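Have a look at the structure below, then the notes.
Only the coordinates and a few stated rules stand behind these numbers; no lab work does. Note that this is a predicted model, so its numbers are computed, not measured. Reconstructed Cβ throughout: ideal geometry from the backbone, glycine too, with neighbour counts over all protein chains shown.
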Amino acid sequence: MTERSDDRRWPRGVYGHGTEPDPRFSLANERTFLAWIRTTLALLAGAAAVHVFDLDVSDVVARIASILLAAAALGSALNAWVSWARTESALRDGRPLPSNGIGVLLVAAVGAAALIMLVIGARG
């Protein structure tokens with residue numbers, strides 16, 4: 001591991017300090033980032049599907065479920081970036097890896113949307 005004080009990679013706040021970690025760890029961190037992006041895309045697809053398709057539910061219910069899924073997608077995308085940067089910085093500085101607390105919020109948003117759809121579906 002070598003010092004990279006002349007590193008021109010972006011974001012500078014991540015790459016501008018510490019030592020270069022084992023590439024396997026950085027690549028694993030990148031794969032985790034991409035997994036969060038895939039989750040974001042799936043949540044957006046779900047939000048669009050609930051919004052666009054006729055699900056035999058009221059417009060208000062469909063709108064609420066769609067908004068919950070879209071908000072979860074936004075949270076997932078933001079988490080992907082912040083988590084990647086925090087983890088990469090910890091790897092470069094030799095610190096313990098940070099925890100990820102947004103999972104509970106995403107589960108709550110997706111669970112609420114699913115519950116809404118289940119309750120409405122059971123009525124029909």
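Summary of values
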| item | result |
| --- | --- |
| Unique match (being buried (at least 17 other Cβ atoms within 10 Å of the Cβ), farther than 30 Å from L27 by Cβ and either in contact with a strand residue (DSSP E or B) (Cβ under 9 Å, 6 or more places away or on another chain) or small (G, A, S) (or both)) among A48, A65 | A65 |
| In region 38-73, residue farthest from I116 (Cα to Cα) [restricted to those that are in contact with a Ser or Thr (Cβ under 8 Å, 6 or more places away or on another chain) and of a type in the set (A, V, I, L, M)] | A73 |
| S99 being small (G, A, S) and either in contact (Cβ under 8 Å) with a residue 60 or more places away in the chain or closer than 18 Å to L43 by Cβ (or both) | no |
| Breaking point among (1) surrounded by 11 or more Cβ atoms within 10 Å (Cβ to Cβ); (2) under 25 Å from G121 (Cα atoms); (3) free of Cβ contacts under 8 Å to residues at least 60 places away in the same chain, for V57 | (3) |
| Checklist (1) touching a Pro at 6+ places or on another chain (Cβ under 9 Å); (2) touching a residue at least 60 places away in the same chain (Cβ under 8 Å) applied to A90, failing item | (2) |
| Qualifying positions in region 76-103 - crowded, with 16+ Cβ neighbours inside 10 Å and either out of contact with any helix residue (DSSP H, G or I) (no Cβ under 6 Å at 6 or more places or on another chain) or farther than 17 Å from W36 by Cα (or both) | S83, R86, S89, A90, L91, R92 |
| Scan of region 5-41 for residues that are surrounded by fewer than 13 Cβ atoms within 10 Å (Cβ to Cβ) and either farther than 26 Å from G103 by Cα or touching a strand residue (DSSP E or B) at 6+ places or on another chain (Cβ under 8 Å) (or both), ordered by number | S5, D6, R8, R9, W10, R12, T19, D22, P23 |
